[in-house]
Amino acid sequence: MPPLDALHHVAVSVKDINQAVDWYTRTFQCKVSYQDATWAMLEFANLKVALVIPEQHPPHLAFVHPEAEKFGPLKPHRDGTRSVYLHDPAGNSIEIMAQD
């Protein structure tokens, strides 16, 4: 049996990246691994949380998959990752990331 897919991050919608990063880092023990004007990645002990501006990036769940290419053409991102977005039957955005 192949190993289970790994959840890479959960992306939540915020109105202001700087304000959200400030709140999360003051409230929780986490570190910022990436931040720009439209999104930030926070690392917790067991999970990464992406803070996204919904007009730029959809709120979503992101999974790492060993055969991500089978879901569609992978798009390179600023942080060096590659992925494709799809939707589950309920319309939720799902990001499938390559194992680079």
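One table, with the values for the structure above:
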| item | result |
| --- | --- |
| Along the chain, longest interval not containing exposed chymotrypsin sites (Phe, Trp or Tyr not before Pro), exposed being DSSP loop plus at most 14 other Cβ atoms within 10 Å | 45-100 |
| Debye, to nearest 20: dipole size of the stretch 1-91, +1 on Lys, Arg Cβ, -1 on Asp, Glu Cβ | 120 debye |
| Pairwise FRET efficiency - Asp22 versus Leu74, Cβ, R0 = 25 Å, nearest 0.05 | 0.15 |
| Computed over the chain, the ratio Rg/Rh where both radii use C-alpha atoms and Rh is Kirkwood | 0.97 |
| Loop-resident sites, the stretch 11-63, for trypsin sites (Lys or Arg not before Pro), counting at most 12 other Cβ within 10 Å (DSSP) | Lys15 |
| Within the accessible area of the stretch 1-81 (1.4 Å probe), percent carbon and sulfur | 56 percent |
| Nearest-ten-degree value, helix 17-27 long axis tilted from longest Cα axis of the chain | 80 degrees |
| Those GluC sites (Glu not before Pro) in the chain that DSSP places in a loop and that have at most 12 other beta carbons within 10 Å | Glu55, Glu67 |
| Karplus 3J(HN,Hα) series, Hz, for the stretch 34-48 with 6.51 cos²θ - 1.76 cosθ + 1.60 (x for Gly, Pro) | 7, 7, 9, 6, 10, 6, 9, 10, 10, 10, 9, 4, 10, 6, 9 |
| Average accessible area per residue (Å²) across the chain - probe 1.4 Å, nucleic acids and ligands excluded | 65 Å² |
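The values are calculated or read from the model by the stated rules, or taken from the named source; none is laboratory data. The shown structure was predicted, so the numbers you read here are calculated from the model rather than taken from an experiment. Positions of Cβ are backbone-derived with ideal geometry, glycine not excepted, and every protein chain shown enters the neighbour counts. Ligands, DNA and RNA are stripped out before the accessible areas are found, and what is left, the full protein with its side chains, is counted by its heavy atoms. Shrake-Rupley method; radii C 1.70, N 1.55, O 1.52, S 1.80 Å.
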